[in-house]
Amino acid sequence: MGMTMTQKILAKHAGLDSVCAGQLIEANVDLTLANDITGPVAIREMEKAGFDKVFDNTKIALVMDHFAPNKDIKSAEQCYTCREFSKKHGIVNFFDVGTMGIEHALLPEKGLTAPGELIIGADSHTCTYGALGAFSTGVGSTDLAAGMATGKAWFKVPSAIQFVLKGQLRPWVSGKDVILHIIGKIGVDGALYKSMEFVGEGVSSLSMDDRFTICNMAIEAGAKNGIFPVDDKTMAYIKGRVNRDITVFEADADAEYEQVIEIDLFALRPTVACPHLPENTKTIDELGHIEIQQSVIGSCTNGRIDDMRVAAEILKGRHVNPNVRTIVIPATQEVYLQCIEEGLAKIFIQAGAIVSTPTCGPCLGGHMGILAHGEKSVSTTNRNFVGRMGHITSEIYLASPAVAAASAVAGYICAPDDLK
């Protein structure tokens, strides 16, 4: 029996000719990742276990993105711990205020993730890098501590679901709508500990930013990872970013999949996940009238330049509803700079939005957009659990940048075509 893309990557990194679903392996990792919340825990566990050095100071990334710039004393202490650890061990890829970005947008941008690589991160959305044809997955801080010290990690090889993408998306429909549609179809445990592998002629029509978004939210279906084949768009993205040898893997023709699901991209409509699970999806046509008090455009899911451009296209020449606080968060310094150079930041500000420094901020109820009692927010983030962005009675509606921008103008959740 042949192997899937994921299984081939795991086999290579385990030094094996082949692996099969359910097999337990020990594999070498190409990169370990932690942030200002999970990093201090991993650092303490590593030191508690008696390790006094890291396996490779060039293959550890520490990104201060969740509560940075620091919002309080505790968050300042967390960043201080990571800062001191990085100095002690000479961590090359340490990103702090002024150089940091939201980790899952920053690492691909910096060329730290590449096709065929194995990446673990103490953050559940580490699965984002599957967009590049890598195996990447979230782990606990203890597992990350072991990875930072030894360069190895244990895995149970996942089985796979194949998603065959056909056609191409209509205007104002994006990768966010694709993954919300899929999660709505299979549920938040529909791919539990499985690899979500995306194939088909429709893949070529998706931008890299679409693919990053789709893989980012694979975890919201319970998946171990999401992964796309490597094509010309992938290679164009890594050109000038990745300067090391890469290995491109392709699934075997006889690879085994637990399920094959076909998705007609052209049939998709703007889709919204209603409270309080990402699986609670409705198309914009089914949603009804839902007034909002906040719109957030950003996060590791939708804070890239394509997302900024879409939002600006809708907001240009318009003004956000006076009842809607509109928060735009470019995912990295590079994206922020592009927003300035292309005039997007000016459009946002003239429309009555604020533009924040790169931060996870409101996504996890950290800062820069906490919701009060009973408030509703449309957000391009990835989770809408109870109390995720603030008060337990607040509500989060997950949507694309196009829907979030249009809704900010209208004062209620709507698609761009609904604006007059």
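The figures follow:
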read-out	value
Around residue 306: net Lys/Arg minus Asp/Glu count, Cβ-Cβ under 14 Å	-3
Distance between modelled label sites at residue 205 and residue 247, nm, 7 Å Cα→Cβ extension	3.4
Under 9 Å, Cβ to Cβ, from residue 95 - net charge with Lys/Arg +1 and Asp/Glu -1	-2
Residue-span extension gain [residue 319 to residue 239] - 0.36 nm each, minus C-alpha spacing	25.0 nm
Extension gain (nm, one decimal) between residue 266 and residue 385, 0.36 nm per residue minus Cα-Cα	39.9 nm
Amide H within-cut-off set for residue 376, under 5 Å, with H built and near neighbours excluded	293, 294, 395
Residue-level accessible surface for residue 152, protein heavy atoms, 1.4 Å, Å²	80
Whole-number percent relative contact order across the range 308-415, with pairs defined as alpha carbons under 8 Å at least 6 apart	29
³J(HN,Hα), Karplus 6.51/-1.76/1.60, whole Hz, each residue of the range 323-328, x for Gly, Pro	8, 10, 6, 10, 10, 10
Top positive-direction residue, dipole computed over the range 157-251 with Cβ charges, set 242, 190, 204	242
Size of charge dipole - the chain - debye, nearest 20, with Cβ of Lys, Arg +1 and Asp, Glu -1, no other charges	820
Amide H within-cut-off set for residue 163, under 5 Å, with H built and near neighbours excluded	197, 198, 199, 261
Contour minus Cα-Cα distance for residue 58 and residue 342 (0.36 nm per residue)	98.9 nm
Average Cα contact separation per residue, the range 1-149, under 8 Å, 6 or more apart, as relative contact order %	29
Rounded if a/c under 1.5, otherwise prolate or oblate - the range 152-242, Cα gyration tensor axes	oblate
Separation between Cα centres of the range 22-68 and the range 112-189, rounded to whole Å	18
Whole-number D in µm² s⁻¹ for the chain, Kirkwood Cα-pair radius fed into Stokes-Einstein, 20 °C, 1.002 mPa s	100
Projected label distance in nm at residue 309 and residue 168, using a 7 Å step from Cα toward the beta-carbon	1.4
Estimated FRET transfer efficiency (residue 276, residue 71; beta-carbon r; R0 22 Å; 0.05)	0.35
Student exercise, the range 15-105 dipole from Lys, Arg, Asp, Glu Cβ charges, in Debye to nearest 20	280
Which of 78, 11, 136, positive extreme of dipole for the range 1-155 (C-beta unit charges)	11
Environment charge of residue 145, counting only residues whose C-beta is closer than 9 Å and scoring Lys/Arg +1, Asp/Glu -1	-1
Calculated from backbone phi, Karplus (6.51, -1.76, 1.60) coupling profile of the range 371-386 in Hz, x at Gly/Pro	8, 8, 3, x, 6, 10, 10, 8, 8, 8, 7, 10, 9, 10, 5, 4
Shape call, the range 209-317: gyration tensor on alpha carbons, a/c limit 1.5	oblate
Heavy-atom SASA rank of 325, 211 (probe 1.4 Å, accessible area, largest first)	325, 211
Shape category assigned to the range 97-141 from the gyration tensor of Cα positions, a/c cut at 1.5	oblate
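The values are calculated or read from the model by the stated rules, or taken from the named source; none is laboratory data. What you see is a predicted model, and the numbers here were worked out from it, not measured in a lab. Glycine also receives a Cβ, built like all others from the backbone with ideal geometry; neighbour counts cover every protein chain displayed. Heavy atoms of the whole protein, side chains included, go into the accessibility calculation; ligands, DNA and RNA do not. Shrake-Rupley method; radii C 1.70, N 1.55, O 1.52, S 1.80 Å.
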